[in-house]
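Okay, structure first, notes after.
The values are calculated or read from the model by the stated rules, or taken from the named source; none is laboratory data. All figures in this text were calculated on a predicted structure; none of them were measured in a lab. So basically every Cβ, Gly included, is an ideal-geometry build from the backbone, and we count neighbours across all protein chains shown.
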């Protein structure tokens, strides 16, 4: 199944309709959707209007209007610490009782939905929703950056990134890592074939990281994930996962049966990422990469 943006949008729309979220009133509590979400946030901790707006991804004016209504209905109260600080809002006993009744009603509905699913399907649903939420968060952090194919004019810049990051982790040339590859300064030449590609991330004309896919030498119909290096400014923004996902989609389009990679034990975050995306550790290396000191070998089947 080749699911794309149109199919995902259709599924989300169906979900909203089934949950009744197109109506102004959410559940049986008599509260609007935004009012429910404000109460849920205040259930966790006291917040001011700016903090609520940020958490709910709404404008402050909308947050203030909602807070005013909830105050009038005795669902929340506020405390002003000083004349120079914003009011801090908290649930009243009435608001907490109303919210608990809302939780109970919604939980009963969700439990009924989940009765239609087996345990493994529920696990997949939970994992997928978590991943989708995370993807939305990461996409916000990636705004302002450009993700594109490597060009010959980028060769010097991406070589500098690879050398800098390699030095940061102690991956020196004498140990046979990627930094020792003779093609490092002309990297675009290595990815000219139709079944290979290398992508870079840049901002304001500065190359900050990259990664690629190419055939694995000595192994038929298997590709290799290669030269994934990112400067610190890119880390924590989801670019590594995006790079791997993009590379795997490309690999499937090219008809590869599997994707192989080699890395080293000191790159624990990278190993965790690869494992979370379906790569399994092997007992030994495949093909002929020339990176003898990369002791961690992993493979993901694509078909």
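Within segment 115-161, the residues that satisfy the criterion of being in contact with a helix residue (DSSP H, G or I) (Cβ under 8 Å, 6 or more places away or on another chain), within 18 Å of residue 243 (Cα to Cα) and not in a loop (DSSP other than H, G, I, E, B) are 138, 147, 154, 158, 159. Are any of the residues in segment 285-299 loosely packed, with under 15 Cβ neighbours inside 10 Å and modelled with pLDDT of 95 or more? No, because not a single residue in segment 285-299 is loosely packed, with under 15 Cβ neighbours inside 10 Å and modelled with pLDDT of 95 or more.
Candidates in segment 241-254 are the residues that are free of Cβ contacts under 8 Å to residues at least 60 places away in the same chain and surrounded by fewer than 20 Cβ atoms within 10 Å (Cβ to Cβ); of these, the one that is nearest to the chain's Cα centre (by Cα) is 245.
Condition check: farther than 28 Å from residue 137 by Cα and modelled with pLDDT of 95 or more. Does residue 28 satisfy that?
On the way: farther than 28 Å from residue 137 by Cα: yes; modelled with pLDDT of 95 or more: no.
Considered against the rule, which asks whether it is farther than 28 Å from residue 137 by Cα and modelled with pLDDT of 95 or more, residue 28 comes out as no.
Only one of the numbered conditions (1) touching a strand residue (DSSP E or B) at 6+ places or on another chain (Cβ under 7 Å); (2) assigned to a loop (DSSP other than H, G, I, E, B) is violated by residue 210, and that is (2). Restricting attention to segment 265-281 and to residues that are in a loop (DSSP other than H, G, I, E, B) and in contact with a helix residue (DSSP H, G or I) (Cβ under 9 Å, 6 or more places away or on another chain), the residue that is surrounded by the most Cβ atoms within 10 Å (Cβ to Cβ) turns out to be 279. Any idea how many residues of segment 282-303 are in contact with a helix residue (DSSP H, G or I) (Cβ under 7 Å, 6 or more places away or on another chain) and free of Cβ contacts under 8 Å to residues at least 40 places away in the same chain? Adding up the residues that qualify gives 2.
Scanning segment 33-62 for residues that are within 26 Å of the chain's Cα centre (by Cα), in contact (Cβ under 8 Å) with a residue 12 or more places away in the chain and outside any helix (DSSP H, G or I) turns up just one, 58.
A search for C-beta distances below 7 Å between a residue of segment 261-281 that is at positive phi and any residue that is in a strand (DSSP E or B), counting only pairs 6+ apart in sequence or on different chains, returns 278/300.
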